[in-house]
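Single-structure report; data block below.
Every number here is computed from the coordinates shown, using simple stated rules; none is lab data. Computed from a prediction, not measured in an experiment: that's the story for all the values here. Don't worry about glycine lacking a Cβ; one is built from the backbone with ideal geometry, like all the others, and counts go over all protein chains shown.
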Amino acid sequence: MATVYKRGGKGKRGGRYYISYFDHRGQRVSRSARTTDKATAERIAAKLEADAALRRDGVIDPTLEGVSKESQRTIESHLADYEAKLRAADRTEKHVRYTRQFVEWICTFAGFGVVADITADGVHRYAQNLRDQGRSSRTIQSHLNAIKSFTKWLVEHHKLPRDPLAGVRTPNPDTDRRLERRTLLPSEWPLLRAATKAGPVRYGMMGTDRVLLYATAIQTGLRSNELRNLRQSKCFLNSNPPYITCKAGTTKNRREARQYIEARLARELRKYAASRSAKAPLFDLPHETNLARALRDDLEAARKAWLKDVEDDASETARRNESDFLKATNHAGEYFDFHSLRHTCGAWLAMAGEHPKVIQTVMRHSSITLTMDTYGHLFPGQEADAANRFSEMLNDSCEREAGDEQGVVGQQSAAHLQRAGFGLGLSDAIECDGQVTDDGAIKTPNSQPCVELGDSVRHRAEGDASSGGGTRTHRRNIFGAKDVTEIGKIKWRKMRRTRCIQRRK
């Protein structure tokens with residue numbers, strides 16, 4: 001039975017009553033009644049005891065009751081727990097900061113106070129507001145993904161009975177891409193390298209340092225943050241072949257990366273890093289915004305030098321001014337930033353004809369689908385080869401039809417029939433080593449005519465004692481009039497006729 005009492009002894013007056021009772025697990029529980037009236041405290045105690053009995057009997061589900069209590073907690077308190085979960089999962093500081101910020105913006109706009117208030121309608125209104133402001137589909141997608149991952153976590157940890165945003169669909173960023181990255185052309189790199197090397201100090205980096213940075217980014221495909229955390233102790237420049245490693249904590253996919261570089265770049269990096277501490281960063285990079293600005297300034301300097309080379313030729317100067325060569329933004333609207341150097345790494349590998357799996361490994365893509373979607377259009381000669389193969393098949397089909405109309409089999413070339421084949425596995429010629437009978441048929445050792453059609457049939461017969469044990473060899477082409485028996489001709493024509501009838505049907 002539940003008991004009602006006051007703390008401090010019987011003589012204590014005033015103060016609140018406390019209730020002691022056994023819960024559904026059989027444990028003794030004490031809690032405040034939050035009242036100074038004994039009758040009210042007794043009614044509360046009876047209610048608590050009755051609820052405990054209902055839970056023991058299975059009428060009330062304790063798990064659902066706990067979910068109901070959690071759903072009435074404030075979003076801010078749940079966000080603190082969710083942030084701790086993201087940090088425990090080793091997410092980057094940038095990802096944790098943006099995820100919390102996006103969730104707070106959505107909840108403030110829609111007026112969500114507790115997690116039970118989160119609805120799909122409020123999130124849709126927020127997404128429409130972003131679209132009205134002219135924000136891109138990728139931006140809207142990132143905001144919606146943040147709160148969708150938050151509500152999914154709430155359901156998985158029994159803080160919500162169901163996911164209210166399960167039916168919310170994020171927009172496809174490919175339909176409204178505001179930023180298409182530009183690839184550095186192979187012919188642009190020598191000019192950019194020369195202009196950067198001769199250029200001034202930009203945002204704390206000398207021109208020679210920037211050249212090494214750009215070359216390393218192109219050859220390894222490392223991102224700016226990965227290059228920022230690169231240490232000299234992780235550069236194995238004396239090995240054969242030389243390579244660079246990035247710790248798992250500094251890469252985007254949180255896995256250790258090993259990127260190989262050419263020997264010439266390894267020698268230049270070895271000289272550059274000789275005076276630096278092993279624990280110090282290999283490159284002293286400015287802020288990521290200034291890093292992109294420095295690269296675009298170097299690109300502009302290279303274009304000016306390229307235009308200056310033909311300033312005495314008016315027509316060539318006009319032509320080069322119209323070109324987007326070495327421009328930060330080309331005619332297609334593609335934009336050049338520091339991440340474009342990583343994009344250049346994959347593009348150059350594709351243009352060089354490397355296998356897609358090799359490019360996937362170098363770029364550290366999670367799937368081959370991502371590699372093909374990004375660089376598939378750059379693989380050389382694929383469309384032209386496909387068109388040539390179609391032409392060959394169409395021409396061969398016409399020739400086969402013409403041969404069927406005329407009924408000429410023996411005069412067709414062996415090579416053409418091998419291509420046509422029709423699943424028979426014909427070879428250019430069938431070689432039979434054996435004896436020739438009086439009627440011209442080739443005879444095998446068991447005195448059976450050689451009429452088999454296969455890839456390469458060779459019959460060997462041992463000579464008798466009178467022939468000195470030698471082997472007589474006769475090579476016959478089955479498509480020549482003198483080389484096939486009448487039985488072989490009949491079987492061959494019957495086979496051809498059956499195939500033609502089946503194909504026409």
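For segment 149-246, the pair-distance distribution built from all alpha carbon pairs, in bins 5 Å wide starting at 0, is 2, 9, 12, 13, 12, 12, 8, 9, 8, 8, 6, 3, 0 percent.
Please compute the net charge surrounding Ala166, taking Lys and Arg as +1 and Asp and Glu as -1 over other residues with Cβ under 13 Å from its Cβ.
Taking every other residue near Ala166 into account, the sum is +2.
Residues whose amide H falls under 5 Å from that of Leu282, counting only those 5 or more places apart or on a different chain, are Leu230, Arg231, Gln232, with hydrogens built in the peptide plane.
Pairs Lys94/Lys247; Lys94/Lys357; Lys271/Lys304: which exceed 20 Å Cα-Cα? Each step should come with its number before you reach the end.
Values: Lys94/Lys247 18 Å; Lys94/Lys357 30 Å; Lys271/Lys304 30 Å.
Beyond 20 Å: Lys94/Lys357; Lys271/Lys304.
Put simply, when 40-50, 345-355, 171-181 are sorted by average Cβ atoms within 10 angstrom per residue, most first, you get 345-355, 40-50, 171-181.
For segment 232-316, the C-alpha radius of gyration sits at 1.54 times the compact-globule guess of 2.2 N^0.38 Å, with N the residue count.
Can you tell me which of 133-139, 309-315, 228-234 comes out highest on packing, and rank the rest after it, using the mean Cβ neighbours within 10 Å?
228-234, 133-139, 309-315
Any idea what the relative contact order of segment 149-214 is, in percent, if you count C-alpha pairs under 8 Å spaced at least 6 apart? Here the relative contact order equals 16 percent. The share of alpha-carbon pairs in segment 189-376 lying farther apart than 26 Å comes to 36%.
Volume per residue for segment 3-60 equals 70 cubic angstrom (convex hull of Cα atoms). Since only Thr216, Leu237, Pro286 are under comparison, the one whose Cα sits farthest along the positive direction of the charge dipole of segment 189-376, derived from C-beta charges on Lys, Arg, Asp and Glu, is Leu237.
So, by mean Cβ neighbours within 10 angstrom, what's the order for 71-77, 22-28 with the highest one leading? List each step's numbers first, then the result.
Values: 71-77: 14.6, 22-28: 11.4.
Packing proxy ranking, top to bottom: 71-77, 22-28.
With a cut-off of 20 Å on the backbone N, the residues of segment 301-337 near the modelled label site 7 Å out from Leu179 along Cα-Cβ are 327-337.
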